[in-house]
1. Within the range A:253-269, is there a residue that is of a type outside the set (Phe, Trp, Tyr), touching a Ser or Thr at 6+ places or on another chain (Cβ under 6 Å) and at pLDDT 90 or above?
2. Restricted to the range B:194-245, and to residues that are touching a residue at least 40 places away in the same chain (Cβ under 8 Å) and among the basic types (Lys, Arg), which residue is nearest to the other protein chains (Cβ to nearest Cβ)?
3. Out of all the residues in the range B:302-335, which are more than 14 Å from chain A (Cβ to nearest Cβ) and under 25 Å from B:Ile259 (Cβ atoms)?
4. Working only within the range B:44-58, note down all residues that are surrounded by fewer than 16 Cβ atoms within 10 Å (Cβ to Cβ) and farther than 17 Å from B:Arg81 by Cβ.
5. What is the number of the single condition among (1) more than 9 Å from every other protein chain (Cβ to nearest Cβ); (2) touching a Cys at 6+ places or on another chain (Cβ under 9 Å); (3) buried (at least 23 other Cβ atoms within 10 Å of the Cβ) that A:Gly83 does not meet?
6. Considering each of B:Ala186, B:Ala136 in turn, give the residue that is at pLDDT 80 or above, among the small types (Gly, Ala, Ser) and surrounded by fewer than 20 Cβ atoms within 10 Å (Cβ to Cβ).
7. I'd like to verify a number: residues in the range A:88-100 that are more than 7 Å from chain B (Cβ to nearest Cβ) and either farther than 11 Å from A:Gln155 by Cα or surrounded by 24 or more Cβ atoms within 10 Å (Cβ to Cβ) (or both), how many?
Amino acid sequence: MTLLEVRNVHLAIGGVELIRDLSFSIDTAQRLGLIGESGSGKSLAALAIMGLLPYRSTVSGSIRLSDQELVGLDERRYSKLRGDRIAMIFQEPMTSLNPLMRIGKQIGEVLRIHEGLSRPASYAQATALLERVGFDQPAQQARAFPHQLSGGQRQRVMIAMAIACNPDIVLADEPTTALDVTVQAQVLDLLAELTSEHGCALMLISHDLAVVANVCDHIQVMYGGAIVESATTSELTHFAEHPYTRALLATSRGLDDLDNESFGQLPTIAGTVPQAGQFPPGCTYRGRCERESYQCQTPPVVTGTTHQVRCWHPYGSSSEGA
Amino acid sequence: MQVADLGPTIIARRRSITYQHELRRFLIRRVTTLVVTLFLASLTVFWVLNILPGKPAQVILGTQATPSAVAALTAKLGLDRPLVDQYLHWIHGLITLHLGNSYISGQPIAPVIGSALEVTGPLVVGGLLVGVAIAAPLGIASALRHTRRSGVILSGIAQIGIAIPNFVLGILLIIIFAVDLKALPASGFITWSTSITGALRSLVLPAVSLGLVEGAILARYVRASIIEVLHADFLRTARAKGLRPNQALLRHGLRNASIPVLTVLGLELSGLIIGAVVIEAVFTLPGLGSLLLSSVENRDLITVQDIVMLVATAVLLVNTAVDILYRVIDPRMGLRS
């Protein structure tokens, strides 16, 4: 059943168009991965769903949660959904928590807002949540201030906050990027485990294909403010059709090869991501693409049903080599 | 199981013991610093005032006085004794609150300063309250609207407030409220013992002219720190939890924003004391400022010395209080340094 549906969303900040024609949907309890380089618009997509876009942003199109339209929803009703039905985990655990408030109180606050719990009851619940996200002395650690915790612990606090009210969907924006590699996997596992426990959908945003592939059942690749390819995880990793997806895959496979004997150059994607609003007309990947032709000056149309790709010259399903 | 359960409790208790221990050490260190600074301040004040040209006895007796008369008066005032003696005598007096006798009138200084403080104390506190009462709403309102035109207008108003010197504002207020509207007295002071409302009425205009300018300056700092907090990640987190923008600012923003404002507030207090000297002159109030000015004119150095030391003590005490308040507000500011 479709839980969240994003249809033809265009987003501009200060007149610069940063997301063009974004459409996708997430089913109940689905785990969707959104990958792309910085500047591809993936974080903005999450903020648009949360209704927490920066000043001077304009959104058009439609974002529906179940049967509730979110675009243009008034602040009072939107804030009732945030934290309760849609929750978000941000990239920077260092700055995302209030430095002057004990973490138990910060977690408890969500429950006080949405479930009307009293201060002591919410605090007790927060302690229980801390235990669930793996704190070994929750009663004591609830009294800690954010600066007394490690990055991984802070991100666990963020997860506890996000799942506190059993939301329908959690949007996680690069939740492990700021963490040590050793704790990345733990935090991801925890996130996946806790969301699936309650049939909660997860949208995981990352620039790291490997991270997303481990957790998600479906992956969407974003480039230049649009989704260029969308497929199930195994389909996308094995039979990528868009040249950009292939390039991304090649870079992460290049890292794996380093473990073997081929100590060569790391594969990279030619060129750099253009600045916001400076993407070429037509296909946004134009200029960096190895398959570019005159046809790419007109915007490509999306083809395919379960495996969708936005390209004039996609690689054929499995016949052509990478 | 029992033992395992006890673990955290013991640790928690030990933590709170170390916290109290650290708190005590912090307070001791802070008070020691205060005392040392006060000592250095007293040395400076004493030294500066004693190298000033113009012997008090000469000034008192006039240019026609004979050298022997001057010497006699100098001896009588105790000014012929070694400087160290004079200093120790003065310090001893300060500590025991016997501030000595005026060179000019021969009367004890303590009661004179005491009655001047009855004017200046309420004036400075009133000025501070007026300042905060203006700065907080003006700063917050202009921060919340900083992307809109109304916010620009609000900070423009604050800018004008900064540009007006407080004595000009004082004269303006006298013209409007005392001369035209005849609502409040233009000058003078009715003592507290005569009439409390009378005393308050005579302090309203001075406190407002003192506070408006300080409030305008403070408003800019309030605005800047609120804007910074509005862009903070944790405020976005607060909104993502379901708090509406104003709730998020109230519960998560104000305390964070108050930290830099507190610094400025502490610094501004010395500005207020200096401002009070000028304002007292404008409103002819018998406060510390007027006393200081007349004492300087009369070379009543001992009174000047006492007043300057008093002001220095007040400023240092406020700084210490601000320093301790930081620790109360911000847990990140450990107690160690």
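1. To start, the set of residues in the range A:253-269 that are of a type outside the set (Phe, Trp, Tyr) comprises A:253-262, A:264-269.
Now narrow it down to the ones that are touching a Ser or Thr at 6+ places or on another chain (Cβ under 6 Å): A:267.
Narrowing further to those that are at pLDDT 90 or above: none.
No, that holds for no residue.
2. By that ranking, first place goes to B:Arg223.
3. Filtering the range B:302-335 for residues more than 14 Å from chain A (Cβ to nearest Cβ) gives B:302-324.
Across the range B:302-335, the qualifying residues are B:Ala314, B:Val315, B:Leu316, B:Leu317, B:Val318, B:Asn319, B:Thr320, B:Ala321, B:Val322, B:Asp323, B:Ile324.
4. Within the range B:44-58, B:Thr44, B:Val48, B:Leu52, B:Pro53, B:Gly54 meet the criteria.
5. All conditions are met except number (1).
6. It is B:Ala136.
7. Residues of the range A:88-100 more than 7 Å from chain B (Cβ to nearest Cβ): A:89, A:91, A:93-94.
Remaining after also requiring either farther than 11 Å from A:Gln155 by Cα or surrounded by 24 or more Cβ atoms within 10 Å (Cβ to Cβ) (or both): A:89, A:93.
The qualifying residues number 2.
Every residue, every condition in (1) within 17 Å of B:Thr313 (Cβ to Cβ); (2) of a type in the set (Asp, Glu); (3) not assigned by TED's automatic domain parsing to the domain that holds B:Leu250, yes or no:
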{"site": "B:Val36", "(1), (2), (3)": "yes, no, yes"}
{"site": "B:Ser42", "(1), (2), (3)": "yes, no, yes"}
{"site": "B:Val48", "(1), (2), (3)": "yes, no, yes"}
{"site": "B:Leu61", "(1), (2), (3)": "no, no, yes"}
{"site": "B:Gln64", "(1), (2), (3)": "no, no, yes"}
{"site": "B:Ala69", "(1), (2), (3)": "no, no, yes"}
{"site": "B:Gly100", "(1), (2), (3)": "yes, no, yes"}
{"site": "B:Val125", "(1), (2), (3)": "yes, no, no"}
{"site": "B:Ala141", "(1), (2), (3)": "no, no, no"}
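The values are calculated or read from the model by the stated rules, or taken from the named source; none is laboratory data. Everything quoted here is computed from the prediction, not taken from an experiment. All Cβ positions, glycine included, derive from the backbone under ideal geometry; neighbour counts span all protein chains shown.
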